[in-house]
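Novice: Here's a structure for you.
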Amino acid sequence: MFSPRVALASLSGESDAEWAEACARPAGAAFLGGIAVDEPTRDAAREMVERDREEFLPEDPIAFVDDELGALDDAFLRAGVNVRAVELPRLRAAAAVCADHDAILEVNAHCRQAEMCDAGAGEALLRDTERLCEQVTAASEEGAPVSVKVRAEVAGVHLPTLAKAIERAGADAIHVDAMDSRRVVRDIAEATELFVIANNGVRDREDVFEYLAYGADAVSVGRPSRDPEEVQSVYAAVKEWFL
């Protein structure tokens, strides 16, 4: 899906093309976003901004995605876009733009902010497998590679079973925020053929080796993505593992 097997995970209101380009050489992929692409999620994002969260709220989110991906067309890394959506037509539009740029459409089933969950996006999708799979299928039908960003330790959610469902729906990858349950990466890797990207606490060689030993195909960094030197350190560990 991408190489080197280090991804930059989306940071709310920060992860744009400029952010990705800062670490384009040591990273193999960068997930821009998250981008709210329809009115329910944009309304939620506006409410989140009112309490001082950073969010992308361009006038036309689909055009914004197109412009940001266009800025990365010649970059060393593979771009992706983390998308928050409720309405399938807008999700399809974003996926079509991703397909045009050979970029990954990442369905956000991860955001736990109350406003976004109340709108039916983010973590709410983890508890509604049918709707999540509908989003995966809709994006896949537009020709974009599809990743799903998920979070461990959500009550009532068994991630290996969920992973099987999204794989059947057409997903290519699962981006796992392992929280304090890193072994869930192993359970997902054993349950599916999805490309598994492990996230949370990836800082040094020990973290990288632990996740890859559990069967992850790649690792991703969140806050450390602000620092090219930290990304370079993670890249060095990944390179060492795959030698």
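Rule-based calculations on the coordinates, nothing more; no lab input. All values reported here derive from a predicted model rather than from experimental measurement. All Cβ positions, even for glycine, are placed from backbone atoms using ideal geometry, and neighbour counts span all protein chains on display.
Novice: If one computes the Cα centroid of the stretch 183-243 and of the stretch 50-84, what distance in Å separates the two points?
Specialist: 24
Novice: Let me ask another. Fewest Cβ neighbours within 10 Å first, please rank 116, 179, 48, 1 accordingly.
Specialist: Fewest-to-most ranking of 116, 179, 48, 1: 179, 1, 48, 116.
Novice: Ordered by packing density, taken as the mean number of other Cβ atoms within 10 Å over each peptide's residues, highest first, how do 55-63, 187-195 rank?
Specialist: Most protected by this proxy first, the peptides run 187-195, 55-63.
Novice: Determine, for each peptide in 208-221, 129-142, the mean count of other beta carbons within 10 angstrom over its residues, then list the peptides with the highest first.
Specialist: The packing order, highest mean first, is 208-221, 129-142.
Novice: Follow-up. Once you have the Kirkwood Rh of the stretch 1-99 from its Cα pairs, apply Stokes-Einstein at 10 °C and 1.306 mPa s and quote D in µm²/s. Can you show the working numbers first?
Specialist: Numbers: Rh = 13.6 Å.
Rounded, D is 116 µm²/s.
Novice: Still on this structure: How big is the charge dipole of the chain about its Cα centre, in debye rounded to the nearest 20, if each Lys and Arg gets +1 on its Cβ and each Asp and Glu gets -1 on its Cβ?
Specialist: Dipole size: approximately 860 debye.
Novice: Normalise the Cα radius of gyration of the chain by 2.2 N^0.38 Å (N = residues in it) and let me know the number.
Specialist: Ratio of Cα Rg to 2.2 N^0.38 Å: 0.91.
Novice: Using the Cα atoms as the points, what is the convex hull volume per residue of the stretch 72-112 in Å³?
Specialist: Roughly 63 Å³ of hull volume per residue.
Novice: Give, in nm to one decimal, the length gained when the segment between residue 204 and residue 227 is fully stretched (0.36 nm per residue of separation minus the Cα-Cα distance).
Specialist: Details: separation 23, 0.36 × 23 = 8.28 nm, distance 1.34 nm.
Contour length minus Cα-Cα distance gives 6.9 nm.
Novice: Provide the convex hull volume over Cα atoms per residue for the stretch 113-243, in Å³. Walk me through the numbers before you get to the answer.
Specialist: On the way: hull volume 15.9 nm³, N = 131.
For the stretch 113-243, the hull spanned by Cα atoms encloses 121 Å³ per residue.
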